[in-house]
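Engineer: The structure's right below; bear with me while I get my questions together.
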There are 2 protein chains.
Amino acid sequence: MRGTAKNRAMPDSSLPAWRFVTFEETIVETFPNKSHFWYNRPDMVRDTNVLFVRCKMKPWQAHKFHHHPNMEEILYVLSGTAEQWVERECRIMKPGDSLYLPAGLIHGTYNNSAEELDFLAVLAPAKSEGPGTVDVSEEEPWKSLRP
Amino acid sequence: MRGTAKNRAMPDSSLPAWRFVTFEETIVETFPNKSHFWYNRPDMVRDTNVLFVRCKMKPWQAHKFHHHPNMEEILYVLSGTAEQWVERECRIMKPGDSLYLPAGLIHGTYNNSAEELDFLAVLAPAKSEGPGTVDVSEEEPWKSLRP
């Protein structure tokens with residue numbers, strides 16, 4: 001039966017089964033360095049297993065080295081430029097570029113420019129045990145990796 | 001053990017664990033009415049459970065009423081305008097608008113404009129038994145629903 005598997009909560013029938021979300025209707029989280037605009041997560045629809053969020057990162061700001069122990073992730077750049085690290089590799093990502101990351105792989109996104117970075121992130125599964133994100137930016141070698 | 005669960009193939013170690021994909025590096029499928037540009041699917045990386053594809057739909061073309069029996073889906077409009085149907089409801093989607101759909105729900109995307117429609121689609125899980133898509137556009141009430 002659906003909804004009883006491990007890591008899968010019972011569907012919340014008070015939430016809509018499906019949902020249109022304009023940018024203005026997203027759920028906003030504001031941080032000093034960036035804002036998150038949530039289009040889809042388990043508290044927005046009845047029974048999803050995918051997170052979908054848009055992130056606007058201010059110039060010269062970052063989401064420093066971290067990993068998601070249980071979630072795979074896809075990034076997609078809408079506008080701006082990302083200095084994107086995966087383990088010890090760095091690539092510059094432009095609009096239309098994407099990155100797939102399996103769960104547990106260390107990565108970081110740095111907006112090393114004067115322009116806002118606007119990108120989408122997909123994470124799955126939406127529900128799992130333990131922390132969603134683990135910060136490793138103060139640990140070596142990650143702390144000293146960027147020139 | 002990972003990889004042995006139902007609907008989950010063994011990871012293919014000949015594929016990369018993670019992958020950067022520029023638009024030029026996507027895998028392209030060309031149809032008369034649209035083109036698909038694949039950023040992520042199980043034959044591109046070792047062990048993903050998410051499909052990520054960009055679709056460019058020509059003016060006055062459509063992906064008529066259909067459903068995905070086993071996959072939830074998220075749509076996100078990059079440019080152009082979508083006349084988006086979910087069951088009997090229709091909304092006009094603009095850039096920055098999104099739609100979440102659970103598995104099995106009937107929907108259709110119509111580019112009822114002279115401009116190309118460019119959008120992203122996320123589908124999960126990537127691997128399941130049976131057909132990925134079931135076309136119902138020749139069945140009532142869907143066949144006669146649009147004015």
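Since every read-out is calculated from the coordinates, none of them should be taken as a lab result. Predicted model only: the values in this text are computed from it and were never measured. Heads up, the Cβs are rebuilt from the backbone with ideal geometry, glycines too, and the neighbour counts pull from every protein chain shown.
Engineer: Expressed in nm to one decimal, what extension gain is obtained for the pair A:Lys58 and A:Glu89 from 0.36 nm per residue of sequence separation less their Cα-Cα distance?
Structural biologist: Roughly 8.9 nm would be gained on extension.
Engineer: Which longest uninterrupted range of chain A lacks any trypsin sites (Lys or Arg not before Pro) assigned by DSSP to a loop state (not H, G, I, E or B) and surrounded by at most 14 other Cβ atoms within 10 Å?
Structural biologist: For trypsin sites (Lys or Arg not before Pro) (loop position, at most 14 other Cβ atoms within 10 Å), the longest site-free span of chain A is A:7-87.
Engineer: Using the charge dipole of chain B (Lys, Arg: +1 at Cβ; Asp, Glu: -1 at Cβ; taken about the Cα centre), state which of B:Thr81, B:Pro131, B:Leu117 has its Cα farthest towards the positive end.
Structural biologist: Of B:Thr81, B:Pro131, B:Leu117, it is B:Pro131.
Engineer: Where the label is 7 Å out from Cα toward Cβ, how close does A:Asp12 come to the same position in every other copy, in nm, shortest first?
Structural biologist: 3.8
Engineer: Would you be so kind as to identify which of B:His36, B:Thr22, B:Thr48 lies farthest towards the positive end of the dipole of the stretch B:1-90, taking Lys and Arg as +1 and Asp and Glu as -1 on Cβ and the Cα centre as origin?
Structural biologist: Projecting each Cα onto the dipole axis, the largest value belongs to B:Thr48.
Engineer: If you don't mind, there's one more thing I want to ask. When a/c is below 1.5 the answer is rounded, else prolate if a/b is larger than b/c, else oblate, so apply that to the stretch B:105-144 with a ≥ b ≥ c taken from the square roots of the Cα gyration tensor eigenvalues.
Structural biologist: Oblate.
Engineer: Find the percent of Cα-Cα distances in the stretch A:24-144 that exceed 25 Å, and round it to a whole number.
Structural biologist: So the pairs more than 25 Å apart make up 19 percent of the total in the stretch A:24-144.
Engineer: FRET efficiency for A:Ser14 and B:Ile27, Cβ-Cβ distance as r, R0 = 30 Å, nearest 0.05?
Structural biologist: Using R0 = 30 Å, I get an efficiency of 0.15.
Engineer: Anyone know which of A:Asn112, A:Asn49, A:Asn33 comes out most mobile in the 10 Å Cα GNM of chain A?
Structural biologist: Fluctuation is largest for A:Asn33.
Engineer: What does the C-alpha gyration tensor say about the overall shape of the protein assembly as shown? Classify as rounded when a/c is under 1.5, otherwise prolate if a/b is larger than b/c, or oblate.
Structural biologist: Taking the square roots of the gyration eigenvalues as a ≥ b ≥ c, the protein assembly as shown is prolate.
Engineer: If you place +1 on the Cβ of every Lys and Arg, -1 on the Cβ of every Asp and Glu, and leave all else neutral, what size is the dipole of the protein assembly as shown about its Cα centre, to the nearest 20 Debye?
Structural biologist: 280 debye
Engineer: Next question, about the same structure. When chain B is treated as a GNM, springs tying every alpha-carbon pair under 10 Å, which of B:Ser79, B:Ser14, B:Ser35 comes out with the largest mean-square fluctuation?
Structural biologist: Maximum fluctuation in the GNM of chain B, among the listed residues, is at B:Ser14.
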